[in-house]
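The values are calculated or read from the model by the stated rules, or taken from the named source; none is laboratory data. Source: prediction; values computed, not measured. No Cβ is skipped: glycine too gets one built from the backbone with ideal geometry, and neighbour counts run over all protein chains shown. When the accessible area is computed, the model is the full protein with side chains, heavy atoms only, and any ligands, DNA or RNA have been set aside. Shrake-Rupley method; radii C 1.70, N 1.55, O 1.52, S 1.80 Å.
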Amino acid sequence: MISIFPRVGHSVSPFPLIRTTILKVGMAYAYNACSLRPKGVRVMHPIKYLLLLAGAAISLPSQAVPVYWNVFNIEGESSIGADLVTYDSLTDMLTDINRTSVNTLSGVGANVVGGGSDGTNFWNVFNIEGESRIGADIVTYGSLMDMLTDTNRASVNTLGGFGANIVGSGSDGSSYWNVFNIEGESAIGADIVTYGSLADMLLDTNRTSVNTLGGFGANIVGSGSDGTSYWNVFNIEGESDIGADIVTYGSLADMLTDVNRTSVSTLTGFGANIVGSGAFNFDKGIQVSEPAHWGMLLFGLFGLYLRRRSSNGVRLKIVLSGIPTTCPDAPGVHRR
């Protein structure tokens, strides 16, 4: 699988060029196989051949490109910039290794405390740390790059009142949730609130459930999902010395209630400053198609096999342009 976000930059997938080349070569093979077939050997008509391959290409699945990120922000202050760090895998994100990019947000961006994606939209959560009176903002973007750099904002949604306690947000592609936690204390329980749509999550309306975590769960500061795995980020607020934990789960229900943990990954040192996490790895997101036309080449190679069986000594004539719709006799070819 080829990432379209190497170091979170954009690159062009080579698959279209590969497919075009394979198509031309495969069709050339098929053409010559048709022209040079021995007597009594039936070769599929090129039009039927194209229809079969087109159907196979359409039926093959495409693969979403995974990108994971952690949000690091020194707690209790708003002047030092925050970092959004990306990774290529869930394991790398959980252990903060093999970073693919580090994106520093300063100014207003220094107040970022979390973010998420539903596979199409991206968002960051901005909340001034250490207070609960000023409203918090959920800012949406049209691309991962815009989210990581806080540029080209698509919308700004301000939550006041209890909504000002938002510290994180996430989605698994179908469900959405916000994490609410009164800042600066660890005794009062935290709430993970779910919604049925992105619009409801952004406005904190039409809640579908409210899940309160007490005890150690009151230290939750963020959560996320890649559509398959789920995780919560736990970090004691107001300090940066004690390590933070990213805890994974096998289902949304387990994540919401902090039960049936599948792993606990502790980050220390700078990792203790983690305040949020997210992922982009959904089928309906930006996709890079796998080479779906290998069948063309295989069919062409079969034609080459028939050519060799004909043993007429005529060199295979490869036609790299034009697609024949019939099987004319090749000039100079004498079938036996």
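The distance between label points at Val108 and Ala187 comes to 3.6 nm (points 7 Å beyond Cα on the Cα→Cβ vector). Here the spin labels are modelled as points 7 Å beyond Cα on the Cα-Cβ line, and at Ile97 and Thr158 they lie 4.5 nm apart. Shape annotation for the range 101-150: C-alpha extents along the principal axes are 31, 21, 12 Å, from largest to smallest. When Asp172, Asp137 are compared by accessible area at a 1.4 angstrom probe, the order from most to least is Asp137, Asp172. Using R₀ = 35 Å, calculate the FRET efficiency as 1/(1 + (r/R₀)^6) where r is the Cβ-Cβ separation of Thr151 and Thr262; round to 0.05. E between Thr151 and Thr262, to the nearest 0.05, is 0.45. Rounded, prolate or oblate: which fits the range 177-263, taking a ≥ b ≥ c as square roots of the Cα gyration tensor eigenvalues, rounded meaning a/c under 1.5, else prolate when a/b beats b/c? Note, shape of the range 177-263 comes out oblate.
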